[in-house]
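All remarks here apply to the structure that follows.
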Amino acid sequence: MATPHRYRISAKNPAAHLFEVSVTIAEPDPAGQSVSIPAWIPGSYMIRDLARHVVGISAEVDGQTTGLTKTDKSTWQADPCDAPLTITAEIHAYDLSVRGAHLDLTHGFFDGACVLPAIVGQEDRECHLEIAPPPGTVGGNWRVATSMRPLDAAAYEFGTYVAEDYAELIDHPVEMGDILIGEFEVKGIPHAIAVRGHEHFDMARICHDLAKLCEYQINFLGKPANLDRYLFLLAVKEDGYGGLEHRWSTSLMCSRKDLPRRGETKVTDEYRKFLGLCSHEYFHLWNVKRMKPARFTPYDLTSETHTGLLWVFEGITSYYDGLFLARAGLISRESFLELLARTITRVQRTHGRLRQDVEQSSFDAWTHLYKQDANSSNAMVSYYAKGSLVALALDLTIRKESGGRYSLDDVMAECWKLFGETGEGMPERGLESVARSVTGLELEGFFDRYVRGTAELPLEGLLKTVGVRLRFRQASGSSDMGGKPPATEDSPPPWLGATLVSKGAVSQFTVVRAGSPAEVAGIAPGDEAVALDGLRLTAENLDRRLRDHHEGDAVTLTVFRDHSLMRHRVVLGAAPADTCYLEPDSDADTAAEKERAAWVEPG
């Protein structure tokens, strides 16, 4: 058996945010062994050039320094040697996100791709990782949370862990610090949630609800063959949100207000958001971590890998994340419809939906979705949000055209069998071909119009087949995200068509919608709001200022642009009816009500 690569990571200088990482290669390439840090992280489709965080690197053989040459932006090559080679690097870690590395006096976190170099040409060899405690008095009560299998480490303790190869090594994020642990079992599989940054919440309720959610999802497609443990890693901030999937775990970030207080039984909007995040990342166990685009089999982490299928793996996952909450009995049908309506509202307010299809959005993720600018909402569409609506439309189309015999559930089950259990990966038209073969329906026109085209989705008619009415109204104000019927009889404020947000002591326009009164008048993203008709204008009082006027009124909007004072004459418009809400159809027949129950009710 080949000798494993032996990695070691230590919190060398928490105050300076420096990890020290070393790896000993027992049998280095005699021509000169290369090591490389990935350029991107699986699940986050942007070139991040993670090697830029290396602040020092060296090599030694038998305790003696040997030459190490940088050969490209992410790769170093050691001089030829015929004995074990040790590479040691200092890595700056101050990215407090789910896809980074962060170290300070309170905790340490890393995604393996950010700190652990690959041994070029030997990536298939077993890897051992020693996670060492921080020095001195730092971290006296620190514990370690990771889904990596322990070699000699006790549960939640520092020590050595093992991965079968480099791909697995970097698929286990690690949190170290003062961590709260909740444990639960799902169908005989141990699960845990490790929480850092908050103490005053109902851990028992979270574990209970996650157990129901995870059980439903495992029943949906079946237990993956190698799923023998699972860990939710949760960082809690005053204001935060995000997730990144892994094969045996997920890295999550949420706000403190998102977690339920002890004794609270209501599913608040914030807790629903948290459960939806967990649902989304857990479903990635199947949909992208084990069943993935063929072009990701295997991952090439040195450069972009383009695929038109991200709408399948993120959009379909986004569709199911809320649907699973309803089916598992964690939220009501009405709550699910509210989530759905908010997504419809978000897409409807994105002019880019008429310019970019979801297949192209998937392909362009590297340069569009992850590198958004002020014009992004006018020029592109999210394969998450629009993809989830395409999934909804496909599901309801299949249910309608097959007379209720088939659904997207059946398509996903067959895709899992063909592309997930086999590990072969999904071809670029794989979902489409499986949908046709499973249902017997001719769906090419659907995919041409709504996946490879920008035609508006026929959601009104499709939702009616499951006893749901789609309604649109004007927004009641800048914070109205949709999902609910009109709350008052008050008329909505006139339309400016620009998003104003607080940024420190100033309020700044961030998005100016195509064709809006603001765009016509010359307001630009980045402008700092000063006044509306001579009265101070802020993000907090925007709606109040607008309500002093009516559609067609001409107002003077004063802004700073690059420290220059500018005045714009804006003719306010009528707020577009782009805010969606969904409600049960009181005229639905028995067949529609039956199909609605099959679609969304717990079962």
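The numbers here are math on the coordinates, done by the rules we state, and not lab data. Since this is a predicted model, take the numbers as computed values, not measurements. Every residue, glycine among them, receives a Cβ derived from its backbone with ideal geometry; neighbour counts consider all protein chains shown.
At-a-glance table
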item: Distance from the range 524-603 to the range 341-369 (C-alpha centre basis), Å; result: 19
item: Inter-label distance, nm, simple model (7 Å from Cα along the C-beta direction), LEU441/ASP49; result: 4.7
item: Additional length obtainable on full extension of the chain from LYS266 to SER491, 0.36 nm per residue less Cα span; result: 77.9 nm
item: Magnitude of the charge dipole, the chain, Cβ model with Lys/Arg +1 and Asp/Glu -1, debye to 20; result: 1300
item: Relative contact order of the chain, pairs being alpha-carbon contacts under 8 Å that are 6 or more residues apart, as %; result: 10
item: Separation between Cα centres of the range 158-180 and the range 370-425, rounded to whole Å; result: 32
item: Listed pairs LYS371/LYS417; LYS257/LYS386; LYS417/LYS594; LYS212/LYS273; LYS386/LYS464; LYS70/LYS292 exceeding 26 Å between Cα atoms; result: LYS371/LYS417; LYS257/LYS386; LYS417/LYS594; LYS70/LYS292
item: Packing rank of 393-403, 246-256, where each peptide gets the mean count of other beta carbons within 10 Å, highest leading; result: 246-256, 393-403
item: Degrees separating the helix 316-327 axis from the principal Cα axis of the chain, which is the longest one; result: 80
item: Value of Rg/Rh across the range 188-268 [Cα atoms, Kirkwood radius]; result: 0.98
item: Between the range 91-118 and the range 232-288, the Cα center-to-center distance that results, in Å; result: 20
item: Alpha-carbon Rg/Rh ratio, for the range 498-571, with Rh computed the Kirkwood way; result: 0.92
item: Helix 333-348 axis, angle to the chain major axis (alpha carbon atoms, nearest 10°); result: 90
item: Mean shadow area of the range 141-236 over all directions, Cα convex hull, nm²; result: 6.8
item: Under 12 Å, Cβ to Cβ, from THR265 - net charge with Lys/Arg +1 and Asp/Glu -1; result: +1
item: Gyration tensor verdict on the chain (Cα atoms; rounded if a/c is under 1.5, prolate if a/b is larger than b/c, oblate otherwise); result: prolate
item: Among PRO492, ALA597, ALA518 - extreme Cα towards positive end, dipole of the range 467-603, charges at beta-carbon; result: ALA518
item: C-alpha long axis of helix 430-439 to longest principal axis of the chain, angle in °; result: 60
item: Ellipticity estimate at 222 nm from DSSP helix runs (n ≥ 4, -39,500 (n - 2.57)) divided over the chain, nearest 500; result: -7000 deg cm²/dmol
item: Rg/Rh (Cα only; Kirkwood hydrodynamic radius) as it applies to the range 294-460; result: 0.96
